[in-house]
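So the structure is just underneath, and the comments pick up after that.
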Amino acid sequence: MSSPDSRPRGKNTVLTFREMKREGRPIVAMTAYDHLFARLLHESGVDLLLVGDSLGQVVLGLPSTLPVTLDQMIHHAAAVRRGAPDAFVVLDMPFLTYQVSPAEALRNAGRAMQETGVDAVKVEGGGARVVEAVGRIVDAGIPVMGHVGLTPQSVHALGGYKVQGRGPEAAERVLKEALALEAAGCFSVVLELLPASLSRTVTDALSIPTIGIGAGPDCDGQVLVAYDALGLNERFAPRFLKRFAQLAEEVRSGVSTYVAEVRSGAYPSAEHSFEDEA
């Protein structure tokens, strides 16, 4: 299937996203956690698939992203790669896989790349320790996506899931972190839960693309969790989220029909059954 804007579906690279920023073409990103969703999203024209550690909450039913392990991320990222072998896939590095030391960050990022075949990894935060780790990973030839603003792995330190960068000092800190990540070699930066005006300032200040989530319309691209955007995760309804489908309703309707037909004997019928060959 061709993309909606009829552009060639060649393999995207980090250079593709820089070019898209220069040309003002929005980057479309979405999370994927499995083979089937990866294939469907890629076929629908999504530019970048993020195997987010949000799988902890969305897929595994955990209370936050903090318990997610590297083994779990590798398991899901490998499935995503099999589902969309031509997509640009980014693996979210989970908590404590890159914060302890640059050497350990490089080992873990290298393992993620080798065992999954993804195109890049993502890390959260723009403090000195993370920036140093980014530099080490990038020096080894591994593309890195940064992430500032609300960083879910630091949710306890931030006091909960709330908008970041409000006020001059907080805004300046976000800008400095984004610039530090660019200087360390990141090919793009996610901006999460930031005032739209600050996202515009950061986007204008960087030569690398920004990917927003709850960060307003002026980022170079947008990312949403697929389960949220498609209406599967009905209990999650933040202000920034728009539902582009209502799949939970479709699932319940289809399953209810299946239950009713099995109980009534309507399914399976003769057309769904096999007979001995003559």
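Counting only protein heavy atoms and a 1.4 Å probe, the chain has 50 square angstrom of accessible area per residue. Computed about the Cα centre, the dipole magnitude for the chain is approximately 840 debye when only Lys and Arg (+1) and Asp and Glu (-1) carry charge, each at its Cβ. For the options Tyr258, Tyr98, Tyr33, a Gaussian network treatment of the chain with springs between C-alpha atoms closer than 10 Å singles out Tyr258 as fluctuating the most.
Here are some values of mean projected area of the Cα convex hull in nm²: (i) 24.3; (ii) 15.0; (iii) 18.2. Which one was computed from this structure? It is the one labelled (iii). Take the Cα of Tyr161, go 7 Å toward its beta carbon, and the backbone nitrogen atoms of region 44-86 under 11 Å from that spot belong to 54, 57-58, 63-65. Pick from Ala32, Ala229, Ala245: which is most flexible by mean-square fluctuation in a GNM of the chain where alpha carbon atoms under 10 Å apart are linked? Its mean-square fluctuation being the largest, the pick is Ala245. What the Cβ-Cβ distance of Val251 and Ala128 gives, at R0 = 51 Å and to the nearest 0.05, is a FRET efficiency of 0.65. Placing +1 on each Lys and Arg Cβ and -1 on each Asp and Glu Cβ, with no other charges, gives region 162-250 a dipole about its Cα centre of roughly 240 debye. Descending by average beta-carbon neighbour count within 10 Å, the peptides 180-186, 35-41, 168-174, 142-148 line up as 142-148, 180-186, 35-41, 168-174, the highest first. The angle separating the long axis of helix 14-23 from the principal Cα axis of greatest extent in the chain is about 80 degrees. What are the lysines whose alpha-carbon lies under 24 Å from the alpha-carbon of Lys162, with same-chain residues fewer than 8 places away excluded? The qualifying lysines are Lys122, Lys176, Lys242.
Measuring nothing but protein heavy atoms, the accessible surface of the chain at 1.4 Å probe radius is 54 percent carbon and sulfur.
The values are calculated or read from the model by the stated rules, or taken from the named source; none is laboratory data. From a predicted model like this one, the values you see are computed outputs, not experimental measurements. With ideal geometry, Cβ positions are generated from the backbone for all residues, glycine too; neighbour counts draw on all protein chains shown. We work out accessible area using only protein heavy atoms, side chains counted, and drop any ligands, DNA or RNA first. Shrake-Rupley method; radii C 1.70, N 1.55, O 1.52, S 1.80 Å.
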